[in-house]
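**Student:** Handing you this structure, nothing more for now.
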Amino acid sequence: MCQKEFKTKTIYYRITTRKSATRVLIIMANNQNPYGAVIAPVHHSSSYGFPTFDEMRRYAKGELPDEFFYSRYANPTVAEAERAIAALEGAEDCVVVSSGSAATFCALAALCEAGDEIILPDSVYGGTLKIAAHFFPRYGVTARFIGIDDIPNLPEIVTERSKVFWFESPANPLNRLVDLTMAAEAARTAGVFSIIDNTFASPALQQPIKFGVNGVMHSATKYLGGHTDLTAGAIAGSREFVGQVRAVASRIGATLDPAAAYLLLRGMKTLNVRAQAACANARRVAEFLQAHEKVARVYYPGLADNPDYALAQKQMPDGCGGIVAFDLRGGEAEAERFFDALRLIRNAPSLGGVESLASYPLYSSHFGFTDEQLRAAGISAATVRLAIGIEPIEDLTADLAQALGQI
Ligand SMILES: Cc1ncc(COP(=O)(O)O)c(C=O)c1O
């Protein structure tokens, strides 16, 4: 059967309300599926046959860029997920890979060569820090960490070796925000390529390309997938940049499996409603914790007394995300009692699923950090990170109340 008969073309619309351009809904208007199927089939095939020798020759010469050849290079189901994320982020193109960490590696490998330097604020996901500071130096690419408040000074901080400025907003795990317009402008003036890890916000709440940021990375394992049942990553940006990242990803085989791509596509259909529900719950949880005697401090930019509140209103008007971090009064012993008393909220890593999870950065994302790195990131033995899901809010606050009561 000629592959063209099975080729699907899905059109993604970004529906924007008058209130906000960030209320994004994807409609998959697919009228070319076999049998008129509303949902595109999952293409598990790892290999694609050519109907004629001439088509093979033209494909090899790059004259048939939309054809498929081998799923490590491109796969129709994975390509659907890429089109959807590009549409959500307002990007020209997107490449989807096997995890967020693979996306980080491929993007940095695409942009840097021996002798180059990556600049990052102290507050980034621990795995990103380890890739940049422990892995790339083996190949002559070094990492330099700056304070999150030093970002406006990037033009003075960079050297001729600096290539990439990588940052997060909200940043893991304490939800510090970076002014996206300022960061994009500072990086542009400094002559470095800016990339944001947009995992915490998701494109339902923040589309950084609109603010001038060059590239967007996602751990699609989180809000994009949304159901804690897949591992995936994505890089979105200009066609040229994404093409460079795609070349690394297909060469090293960081490819996403089509079954995971299908789950990702299914999850993304409800991204907007999940994000809104998680934001509403997170705000209520943050308010609840702030009023609790066993809690020393709450980190949520939607709280009026948070230092990033005004910025949050400006660049995340639809909500500040589902992550709430807080410091308990006490340290590891109090944290142990709290975690072991939780009943509904699971003690588990990750975030962005429909269920609420609690994690302890000291023994998860930031395990193995030096005291100095922990201090710079603002993390102590009292710090707890909650990834709030979409459960009834009363159930969440009841679980937190009883667990805090055990301390
Ligand atoms: C903010 C952030 N970026 C990147 C990653 C890495 O993503 P993955 O676990 O999909 O490799 C994570 C994982 O927790 C994360 O929280």
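**Student:** Looking at segment 159-189, which of the residues that are in contact with a Pro (Cβ under 8 Å, 6 or more places away or on another chain) and surrounded by fewer than 19 Cβ atoms within 10 Å (Cβ to Cβ) is farthest from Leu386 (Cα to Cα)?
**Tutor:** Thr189
**Student:** Can you tell me which residue among Ile146, Ile118 is closer than 21 Å to Ser99 by Cβ, away from the ligand (no atom under 14 Å from the Cβ) and of a type in the set (A, V, I, L, M)? Spell out how you get there, then give the answer.
**Tutor:** Numbers: Ile146 fails: closer than 21 Å to Ser99 by Cβ.
Of the residues listed, the single one that is closer than 21 Å to Ser99 by Cβ, away from the ligand (no atom under 14 Å from the Cβ) and of a type in the set (A, V, I, L, M) is Ile118.
**Student:** Answer yes or no as to whether Tyr299 is within 30 Å of Lys210 (Cα to Cα) and aromatic (Phe, Trp, Tyr).
**Tutor:** Yes; evaluated as a whole, the condition is true for this residue.
**Student:** In segment 98-119, how many residues are in contact (Cβ under 8 Å) with a residue 60 or more places away in the chain and out of contact with any Ser or Thr (no Cβ under 7 Å at 6 or more places or on another chain)?
**Tutor:** So the first thing to find is which residues in segment 98-119 are in contact (Cβ under 8 Å) with a residue 60 or more places away in the chain, and the list is 98-107, 109-111, 119.
Adding the requirement that they be out of contact with any Ser or Thr (no Cβ under 7 Å at 6 or more places or on another chain) leaves 101-103, 105-107, 109-111.
Selection size over segment 98-119: 9.
**Student:** While we're here: For residues that are of a type in the set (A, V, I, L, M, F, W, C) and either at pLDDT below 95 or touching a strand residue (DSSP E or B) at 6+ places or on another chain (Cβ under 9 Å) (or both), scanning just segment 295-324, find the one that is surrounded by the fewest Cβ atoms within 10 Å (Cβ to Cβ).
**Tutor:** Let us first name the residues in segment 295-324 that are of a type in the set (A, V, I, L, M, F, W, C), namely 295-296, 298, 303-304, 310-312, 316, 320, 323-324.
Add one more test, that the residue is either at pLDDT below 95 or touching a strand residue (DSSP E or B) at 6+ places or on another chain (Cβ under 9 Å) (or both), and what stays is 295-296, 298, 323-324.
Values: Val295: 19, Ala296: 14, Val298: 21, Ile323: 27, Val324: 30.
So, considering only residues that are of a type in the set (A, V, I, L, M, F, W, C) and either at pLDDT below 95 or touching a strand residue (DSSP E or B) at 6+ places or on another chain (Cβ under 9 Å) (or both), the one surrounded by the fewest Cβ atoms within 10 Å (Cβ to Cβ) is Ala296.
**Student:** Could you check, for segment 174-194, whether at least one of its residues is of a type in the set (Lys, Arg), within 16 Å of the ligand (Cβ to nearest atom) and touching a Ser or Thr at 6+ places or on another chain (Cβ under 6 Å)? Show your work before the answer.
**Tutor:** From segment 174-194, those of a type in the set (Lys, Arg) are 176, 188; that's our starting set.
Pick out the ones that are also within 16 Å of the ligand (Cβ to nearest atom) and you get 176.
Among the residues that remain, those that are also touching a Ser or Thr at 6+ places or on another chain (Cβ under 6 Å) are: 176.
Checked against the condition, which is being of a type in the set (Lys, Arg), within 16 Å of the ligand (Cβ to nearest atom) and touching a Ser or Thr at 6+ places or on another chain (Cβ under 6 Å), segment 174-194 yields at least one hit.
**Student:** Select from segment 371-382 the residues that are out of contact with any helix residue (DSSP H, G or I) (no Cβ under 9 Å at 6 or more places or on another chain) and either within 14 Å of the ligand (Cβ to nearest atom) or free of Cβ contacts under 8 Å to residues at least 12 places away in the same chain (or both) and list them in ascending order.
**Tutor:** Asp371, Glu372, Arg375
**Student:** Mind checking which strands (runs of 3 or more DSSP E) fall wholly inside segment 163-276 and carry at least 1 residues that are aromatic (Phe, Trp, Tyr) and at pLDDT 95 or above? Break it down into steps so the answer makes sense when it comes.
**Tutor:** Details: elements: 193-197, 215-219, 233-237.
Output list reads 193-197.
**Student:** Against the definition (in contact with a Gly (Cβ under 8 Å, 6 or more places away or on another chain) and more than 20 Å from Ala254 (Cβ to Cβ)), how does Pro121 come out, yes or no? Break it down stepwise before answering.
**Tutor:** Numbers: in contact with a Gly (Cβ under 8 Å, 6 or more places away or on another chain): yes; more than 20 Å from Ala254 (Cβ to Cβ): yes.
Yes; evaluated as a whole, the condition is true for this residue.
**Student:** For segment 328-365, which positions are free of Cβ contacts under 8 Å to residues at least 12 places away in the same chain, part of a loop (DSSP other than H, G, I, E, B) and either out of contact with any Ser or Thr (no Cβ under 8 Å at 6 or more places or on another chain) or away from the ligand (no atom under 16 Å from the Cβ) (or both)?
**Tutor:** Correct list: empty.
Residue by residue, here is whether (1) more than 11 Å from the ligand (Cβ to nearest atom); (2) under 14 Å from the mean Cα position of the chain (by Cα); (3) in contact (Cβ under 8 Å) with a residue 60 or more places away in the chain holds:
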position	(1), (2), (3)
Pro203	yes, yes, yes
Gln206	yes, yes, yes
His218	no, yes, yes
Gly225	no, yes, yes
Ile235	yes, yes, yes
Val242	yes, no, yes
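**Student:** Go through segment 283-324 and give me each residue that's of a type in the set (A, V, I, L, M, F, W, C) and farther than 16 Å from Asp399 by Cα.
**Tutor:** Scanning segment 283-324 gives Ala296, Val298, Leu303, Ala304, Ala310, Leu311, Ala312, Met316, Cys320, Ile323.
**Student:** Tell me, yes or no, whether segment 369-382 has at least one residue that is hydroxyl-bearing (Ser, Thr, Tyr), part of a loop (DSSP other than H, G, I, E, B) and surrounded by fewer than 15 Cβ atoms within 10 Å (Cβ to Cβ). First the steps, then the outcome.
**Tutor:** Kept after step one, since they are hydroxyl-bearing (Ser, Thr, Tyr), are these residues of segment 369-382: 370, 380.
In the following step, the residues that additionally are part of a loop (DSSP other than H, G, I, E, B) were identified as 370, 380.
If we keep only those that are surrounded by fewer than 15 Cβ atoms within 10 Å (Cβ to Cβ) too, we end up with 370.
Yes, there is a match, as at least one residue in segment 369-382 is hydroxyl-bearing (Ser, Thr, Tyr), part of a loop (DSSP other than H, G, I, E, B) and surrounded by fewer than 15 Cβ atoms within 10 Å (Cβ to Cβ).
**Student:** Looking only at segment 375-395, filter to residues that are in contact with a Phe, Trp or Tyr (Cβ under 8 Å, 6 or more places away or on another chain) and at pLDDT 95 or above; which one of those is farthest from Glu355 (Cα to Cα)?
**Tutor:** Thr383
The values are calculated or read from the model by the stated rules, or taken from the named source; none is laboratory data. Treat the numbers as computed from the prediction; the structure is a model and nothing was measured. Don't worry about glycine lacking a Cβ; one is built from the backbone with ideal geometry, like all the others, and counts go over all protein chains shown.
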